[in-house]
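See structure below.
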2 protein chains.
Amino acid sequence: MIDRFIRQCNGLWIESGFCRGILHLMKKVTIQDIARVSGVSKSTVSRVLNGTAQVNPEKKKAVLDATKRLGFQPNVLAQSLASGRSSSVGVLTQMIGSPFYDAISQGLIAGLSGTNYSPIFADGRWEKAEQKDALNALVGRRVDGVVVIGGTLSSAQVSKITGELPVLLVARKCDLNQYPAISVNNEFGAYQATKHLLESGHQRIALISGLSDHGDAKDRFKGFQRAVLEAGLSFEERLVVDGDFSAESGVKGIETLLAQGVEFTAVFAANDLTAYGARLALSRAGLRVPEDVAVVGFDDQMESQYMTPPLSSVRQPAREMGERAAEAMVQLLGEANFESIELVPELVIRQSSEVRR
Amino acid sequence: MIDRFIRQCNGLWIESGFCRGILHLMKKVTIQDIARVSGVSKSTVSRVLNGTAQVNPEKKKAVLDATKRLGFQPNVLAQSLASGRSSSVGVLTQMIGSPFYDAISQGLIAGLSGTNYSPIFADGRWEKAEQKDALNALVGRRVDGVVVIGGTLSSAQVSKITGELPVLLVARKCDLNQYPAISVNNEFGAYQATKHLLESGHQRIALISGLSDHGDAKDRFKGFQRAVLEAGLSFEERLVVDGDFSAESGVKGIETLLAQGVEFTAVFAANDLTAYGARLALSRAGLRVPEDVAVVGFDDQMESQYMTPPLSSVRQPAREMGERAAEAMVQLLGEANFESIELVPELVIRQSSEVRR
DNA sequence: GTCTATCATGAAACCGGTTTCACGGCGGGG
DNA sequence: CCCCGCCGTGAAACCGGTTTCATGATAGAC
């Protein structure tokens with residue numbers, strides 16, 4: 001009843017400019033309203049607005065005028081339902097509070113903000129069941145594509161849920177080469193970092209590793225190990241302590257090493273946060289960086305270059321990865337292909353690992 | 001044609017378990033399919049799934065069985081269109097790459113991830129026109145509510161676009177008390193920090209300020225000024241240099257002060273990032289922290305406690321603010337009220353401003 | 001034993017668009 | 001001059017749900 005009344009308003013009152021002030025109180029303007037006002041059918045309105053077919057220039061103008069005058073804003077939901085495309089991409093994140101993953105998300109938001117697509121986030125909490133739920137929720141929202149950041153789902157598990165949807169993996173590789181991925185060669189990054197320390201004259205390098213069930217952590221461990229062995233040194237278990245990518249685990253790591261009386265002149269941390277913690281623990285113990293102990297991290301997050309001394313780190317361009325992922329997903333949605341890229345991380349040497357005199 | 005064929009599949013084949021393997025190739029399962037399989041009308045299916053009315057237990061069971069067997073996943077788009085609610089909240093962000101704002105976004109994602117609502121992000125780039133566009137896009141997506149993080153739109157401008165939708169402001173105040181807000185008293189935070197430095201014996205405190213058109217920066221400036229004046233000191237323009245919340249501006253700020261020969265024994269930075277830069281510039285200039293110059297920042301971002309020395313800072317619980325915003329928005333969507341809260345930031349004193357001996 | 005209130009249920013309308021389809025008009029070829 | 005094909009257009013079907021409405025059945029009241 002009131003609806004009908006308001007509908008009439010849309011057609012008549014607004015046109016007469018009578019109730020412009022209370023416009024927001026009224027029902028949303030639909031293409032039906034535009035059709036009525038401009039004297040054509042809603043099919044034609046749709047055609048004009050989407051440019052899907054040629055229409056009489058006169059009617060076209062009438063429609064466009066009405067659209068502007070009524071302040072029409074298409075209902076994306078209805079568009080999506082009808083067309084089968086939702087103009088949104090689902091993003092499966094793993095909220096572990098890691099600056100690296102956060103930066104990827106931010107890059108995605110930024111990268112998508114120029115396009116017609118909106119990101120819809122769902123969080124997998126780095127747990128299998130949650131990841132599946134989150135993915136299902138995204139698919140239920142009929143996203144046009146899915147970006148999976150990290151996570152533990154196999155690509156088979158992903159495809160079971162996403163079906164035909166285009167999928168892009170970020171910060172991880174695809175086990176079956178089924179999906180394109182934007183990843184970083186963690187093994188090589190760690191190898192480089194370790195080699196740098198070895199070449200600087202360090203023989204006893206400690207490693208504070210990341211979560212043991214985390215792919216990236218494993219790869220970094222392997223790279224570390226390879227560099228050590230290639231240098232002709234024996235791999236010493238005692239030099240490796242477990243961490244979990246947190247700053248606190250860096251503190252604990254150093255404390256453990258010191259308490260056990262392990263000797264070392266350099267530390268390679270699984271990520272920058274861990275390196276920060278390690279650096280703090282070292283300074284508490286009265287050890288200087290880099291004079292007594294050199295430190296290298298992984299990620300090169302923004303803050304690292306401002307540490308005292310500035311922290312050497314393996315640069316992972318997290319934000320750029322997010323932005324490139326956005327770009328890549330738009331390509332995939334445009335039916336274009338996208339080839340996986342594996343970024344080669346770059347070692348950034350700063351004063352925390354300066355060559356010893 | 002193929003559609004119809006597949007529809008038949010949904011009803012018959014799947015039921016017989018014949019083509020479970022290629023299930024993902026087929027059309028999505030709809031409530032119509034469930035209705036057919038379980039021998040009821042789709043109205044009844046809807047009622048069962050939503051619990052909107054009582055249904056014969058037998059039929060109920062049949063529907064539930066079919067739902068599970070066919071792996072039904074409701075089309076959220078259709079649900080939204082029909083019901084008028086989209087189960088999503090729009091988030092208007094300002095991607096300025098500030099850890100503070102990023103952390104709020106992350107908190108929102110995390111806080112919303114347990115609920116039925118999904119966040120949809122749009123970016124305003126801290127520019128008026130873009131903010132309006134972004135807001136319009138969100139409203140076009142028929143979000144159920146809007147969270148505005150920072151930004152420069154007046155609440156009148158916001159309400160013009162959002163109409164009746166519930167709106168929550170985060171990290172800013174509402175000019176008209178029209179909308180609830182979760183904000184932080186920046187003035188008081190800065191006042192506290194400055195007072196702490198004054199009480200530690202510092203008389204010449206430099207300020208590296210934030211963007212001059214940024215509300216938070218202005219408030220922090222005011223707090224700084226008030227503390228200085230209350231202490232009976234004269235306010236010296238020379239001690240204040242412009243910054244832009246970036247680490248680089250912290251470096252520049254210190255360099256400018258030193259180049260101009262301004263004497264100071266303490267620095268208050270507009271945010272932690274700026275403080276990091278300042279700290280680096282000081283150390284390059286051979287000045288020790290805190291012995292020669294004390295440093296205090298604002299935000300207390302995660303990394304600050306691991307700086308060398310650990311950085312004193314005014315704690316803004318960014319991530320928690322995001323989480324509380326999520327909570328608050330859910331309340332608002334549940335028709336409940338939510339009162340604005342102004343958080344009182346807490347000064348965290350660490351070694352970078354330790355009392356001089 | 002009626003009459004009425006209640007209840008479960010299916011048909012149909014609806015949300016706001018897109019897309020198919022059929023029809024009338026018009027131009028060109030034979 | 002007639003026929004065929006193309007073009008612009010409106011009607012109607014459709015997307016996949018929710019919600020209203022009408023109906024038949026059942027139960028309770030008198």
Sequence-distant aspartates and glutamates (8 or more away, or on other chains) whose Cα lies within less than 20 Å of residue B:59:
B:15, B:33
Stick to the Cα atoms of the stretch B:209-293, pair each with every other, and give me the Kirkwood hydrodynamic radius in Å at one decimal.
13.0 Å
Given a Förster distance of 25 angstrom, what is the FRET efficiency for residue B:320 paired with residue B:349, based on the Cβ-Cβ distance and rounded to 0.05?
0.80
Short version: ³J(HN,Hα) in whole Hz for each residue of the stretch A:150-161, in order, from phi by Karplus 6.51 cos²θ - 1.76 cosθ + 1.60 (θ = phi - 60°), x for Gly and Pro, what are they?
x, x, 10, 6, 6, 5, 5, 5, 5, 5, 4, 8
Report the Stokes-Einstein translational diffusion coefficient (µm² s⁻¹, integer) for the protein assembly as shown, Rh taken as the Kirkwood radius over Cα pairs, at 20 °C with viscosity 1.002 mPa s.
76 µm²/s
Interchain or long-range residues, amide H under 5 Å from residue A:347's placed H:
A:315
Take each of the peptides B:173-185, A:318-330, A:204-216, average the number of other beta-carbon atoms within 10 Å over its residues, and list them starting from the highest.
A:318-330, A:204-216, B:173-185
re the stretch B:17-130: pairs of Cα atoms spaced beyond 24 Å account for a percent value of 49 percent
Identify all lysines with a Cα-Cα distance to residue A:218 below 22 Å; exclude those on the same chain that are fewer than 8 residues away in sequence.
A:128, A:173, A:195, A:252
State, to one decimal in nm, how far the label point of residue B:203 lies from the label point of residue B:157, with both points 7 Å from Cα in the Cβ direction.
4.6 nm
Given R₀ = 22 Å, FRET efficiency for residue B:341-residue B:116 by Cβ-Cβ distance, to 0.05?
0.40
Angstrom value of the Kirkwood radius, inverse mean 1/r, which spans all Cα pairs in chain B:
23.6 Å
Per residue of chain A, what 222 nm ellipticity follows from adding -39500 (n - 2.57) for every DSSP H run with n ≥ 4, rounded to the nearest 500?
-13000 deg cm²/dmol
Residues residue B:222 and residue B:292, FRET efficiency given R0 of 30 Å [Cβ-Cβ distance, rounded to 0.05]
0.60
Enumerate the calculated ³J(HN,Hα) couplings along the stretch B:121-127 in order (Karplus 6.51 cos²θ - 1.76 cosθ + 1.60, θ = phi - 60°), each rounded to whole Hz, writing x wherever the residue is Gly or Pro.
9, 9, 10, x, 6, 6, 10
Counting partner chain Cβ atoms within 10 Å of every residue's Cβ in B:98-110, what's the average?
4
Hey, which lysines would be in cross-link range of residue B:28, C-alpha to C-alpha under 20 Å, not counting anything within fewer than 8 residues on its own chain?
A:132, A:160, B:42, B:68
Where both residues lie in the protein assembly as shown, what percent of DSSP beta bridges are antiparallel, nearest 5?
10 percent
Result for interface chain A to chain B, accessible surface buried in total, 1.4 Å probe, Å² to 100, stands at 4800 Å²
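The values are calculated or read from the model by the stated rules, or taken from the named source; none is laboratory data. Since the structure is predicted, the reported quantities are computational estimates derived from the model, not experimental observations. Positions of Cβ are backbone-derived with ideal geometry, glycine not excepted, and every protein chain shown enters the neighbour counts. When the accessible area is computed, the model is the full protein with side chains, heavy atoms only, and any ligands, DNA or RNA have been set aside. Shrake-Rupley method; radii C 1.70, N 1.55, O 1.52, S 1.80 Å.
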